[in-house]
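Contents: one structure, followed by commentary.
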Amino acid sequence: MTDLRLVLKSLTARSTSTVVTCLLIAIAVALLISMLSLREAGRRSFTRGVGNAHLVVSGDSSPLVAVLNGIFYANPPRTPLSESKVTEIAGSMPWSWAIPTQLGDSFRGFPVIGTTPAFLDDFEPAMGEPWRIRRPGRNIEGPFDVVLGSRVAAATGLGVGDRLFLTHGMGVDAAGGDVGIVEMTSANAEDDPHDHGDHDGHDHDGHGHDDHGDHDGHDHDGHDHHDHGDHDGHDHHDHHGHVHADGSPHVHEEATFEVVGVLEPTGTHHDRILVASIEGSWFLHAIDRWEAAGRPLPESVDELEAEDRLVTGMLLRTPVRAGRNSSAMLQSAFDRLRRDPSITVASPATQIDRLFGIVASLDAVFVALGIGILVSGAISVTLVLWNSMELRRRQIAVLRVLGCTRRRVLGLVLTESAMIGVVGAVLGVGFAVVGARFAAEVLASKTGVVILPTIDVDSSILIVAGTVVLAAVAGVAPAVRAYRTPVAEHLRPLD
Amino acid sequence: MDPALDIRDLHFRRPGGFEIDVPELRIAAGEQVLLTGPSGCGKSTLLMLAAGLLDLGAGSISIAGQAISEVRGAARDALRADRVGMIFQTHHLLPGMTARENVGAALLFGGVPKGRHAEIADGLLNRLQVEPGTRIDRLSVGQQQRVAIARALAGEPSIILADEPTAALDPEHAANAIALLQEICRERGAALLLTSHDPSLESSFERVIRFSDLARSEEPTS
Ligand SMILES: Nc1ncnc2c1ncn2[C@@H]1O[C@H](COP(=O)(O)OP(=O)(O)O)[C@@H](O)[C@H]1O
Ligand SMILES: [Mg+2]
């Protein structure tokens, strides 16, 4: 028999109200911890996702949008930059590197970045952590090469040697149910002439390698003649009946891309992209433009015109040398680019600070909400204990008869309320851990923003300690009531 | 040896106007006394005073030579924990706990080392033929009363103050319970002051005091 056992017995004797108050406190604690932790994790994740890019240039209307589009692949910018502008910017400064990016195509809802091999060679998706291409595999070289981010590979099951069609336009998010608009073909499909009716874009997701040797990036008619027998080239995009009548998104069967590499996970949103050659991207766009103009379609990337050779953005890095003030150099590069009214230049770091400045006010609402729930939890602890004192006066009187001091009675009740706080807080930390993991998973699969579902230990300790103290304080009034319980009156026989 | 209970010139007055005056009451160590009187005469009040659970207006009360009326607060509680055991008409056991835990609760506040609690509890309960591990709500009324007896005796008190302990029992069980209580008090060397409004118990006690005599009396009752 111990004091603690007395307290636990008292708690379990009113298990329903104990559970309810513990849950109330747990929810508040979980809310507070996840708000504080996710805010920090979110900021870290965004900052990390910037990688080693110093500046973003695009035709977007605002710097924040330029960063969200250029680095976080939110939307393809409306106003593209011409190739000559790209060349001009690239030559305007002794950049460490300058990489053009073309956003606007997608594959099963994953964004495709048309770019140069430098994107995988020089741009680091996280600072100090360069891309790594899984073996066997290589960087993009030819116009119809594509390298898959690790999440893309995992989600589609595609691997090196597989072929795929890209969609012009960002497509519909996976959750929209329109995934599979974009077909990939595997050479294996050709081996099965009975494959007719059930071709739904998912049944060829194997890693079939092209064992026919007749792929040149344009000639894939063979596959579909098997399946449909009515495929006549360019004038319909009704590939397997999945493209909508309104014509968007637009499947380009004219160009087959070949997977030449798969990237190792980087733990950033960059794992959700497909890296394609910029010429291949241009080629897709050219098909649309030429078709609309009623012209015969281009046969190769060499035929493309300046109007086709557009990019949606540029990533830039100023040289960083030991002993040199690189931030001064960055500042002067930034100022110079800003003088050009036809482009928007943005520093990702600054824009992320701005973004989180906006988000912070929203956080405050949630933190206030958490504190509100915590306080109401504390009040309910007070009420529950106060009422239980009414019922337990006899029991307190018995303890006094046995020699328990008033002060010890006070301590028992305070321990009891603090215990509710401890259980609630620990439960809340558990909820927060599970919840953060869940939220991180949802966030990663929906937006590709990778946040580490770690709980901020310092703030958690503070919150847990604060909760226990608050719960103990909530027990003061009932404890004083217990302290004052007159003994003799409560030992009279029950009649 | 100091008397188990020594009351001198006690005066107590409730706010409601009820008054008790006890010029002298002395119970020797190990002595067994029956205090009788009609309901409402003040028997329970006197036991509460003796246990230090009510503050007296004047006079002094000593338990085994220690003046419980002279100390207050924690010191008085400690004296009660070590020297006094109480039994009531209603058993007042802690619900949801085992017989062993209930007896152990009495040791929580006294000077007995923690390691001996279970051993003491089990010894007493076995002596009283109650299974120590049983939850008290599974016990019969008679067994519950025996757990209450064990709890009162656990701290090796100098005196047991029993306030109408048999009022809830039928006469046969009541007689057995009294016999058992007297026997175990003798074994453990505790004095016994037992109150009852039932005169039929008088034959069981070598010393019987009527409350009216006690209160009115100007001279020692023994
Ligand atoms: N808590 C109390 N508050 C006020 N009066 C009380 C209280 N307890 C007992 N009394 C009164 O004190 C008197 C003595 O009661 P009590 O000591 O219980 O008598 P007994 O135990 O002999 O029946 C009675 O008049 C009773 O009404
Ligand atoms: Mg009474």
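The values are calculated or read from the model by the stated rules, or taken from the named source; none is laboratory data. Just so it is clear, the model here is predicted, and its values are computed rather than measured. Every residue, glycine as well, gets a Cβ built from its backbone with ideal geometry; the counts of neighbours run over all protein chains shown. Side chains included, ligands, DNA and RNA excluded: accessible areas come from the protein's heavy atoms. Shrake-Rupley method; radii C 1.70, N 1.55, O 1.52, S 1.80 Å.
Descriptive notes on the structure:
- Around the amide H of B:Val84, modelled in the peptide plane, lie the amide H atoms of B:Ser158, all under 5 Å away and 5 or more residues distant in sequence or on another chain.
- A 1.4 Å probe run over the range A:275-357, with the rest of the protein chains in place, finds 48 Å² accessible per residue.
- Where only alpha carbons of the range A:363-474 are counted, the Rg and the Dmax (Å): 19.1, 66
- Coupling constants for the range A:273-279 follow from the phi torsions by the Karplus curve (6.51 cos²θ - 1.76 cosθ + 1.60, θ = phi - 60°), and in residue order they are 9, 10, 9, 10, 5, 5, 5 Hz; glycine and proline get x.
- Whole-Hz couplings from phi, Karplus 6.51/-1.76/1.60, listed for the range A:345-355; x for Gly and Pro: 10, 9, 9, x, 4, 5, 5, 5, 4, 4, 4
- For GluC sites (Glu not before Pro), the sites in the range B:47-128 that DSSP calls loop and that have at most 15 other Cβ atoms within 10 Å are B:Glu70.
- Distant-in-sequence amide contacts of A:Ser96, defined by a placed amide H-H separation under 5 Å and a gap of 5 or more residues or a different chain, comprise A:Arg317, A:Thr318.
- Subtracting the Cα-Cα distance of A:Ser15 and A:Arg138 from 0.36 nm times their residue separation leaves 38.0 nm of extension gain.
- Shielded residues, the range B:61-95 - accessible-area loss of 10 Å² or more between chain alone and all protein chains, probe 1.4 Å: B:Ala74, B:Asp77, B:Arg80, B:Ala81, B:Met86, B:Phe88, B:Gln89, B:Thr90, B:His92, B:Leu94, B:Pro95
- Computed from the C-beta positions of A:Arg5 and B:Arg8, the FRET efficiency with R₀ = 35 Å rounds to 0.30.
- The Rg/Rh ratio for chain B is 0.96, where Rg is the radius of gyration of the alpha carbons and Rh is the Kirkwood radius.
- A cut-off under 11 angstrom between Cβ atoms defines the neighbours of B:Glu31, and their net charge, with Lys, Arg +1 and Asp, Glu -1, is +2.
- Accessible area buried by the pairing of A and B, both sides summed with a 1.4 Å probe, works out to roughly 2300 Å².
- Residues whose amide H falls under 5 Å from that of B:Thr134, counting only those 5 or more places apart or on a different chain, are B:Ala99, B:Arg100, with hydrogens built in the peptide plane.
- Each residue of the range A:476-487 was assigned a 3J(HN,Hα) from its phi angle through the Karplus curve 6.51 cos²θ - 1.76 cosθ + 1.60 (θ = phi - 60°); the sequence is 4, 4, x, 5, 5, 4, 5, 4, 7, 4, x, 7 Hz, with glycine and proline shown as x.
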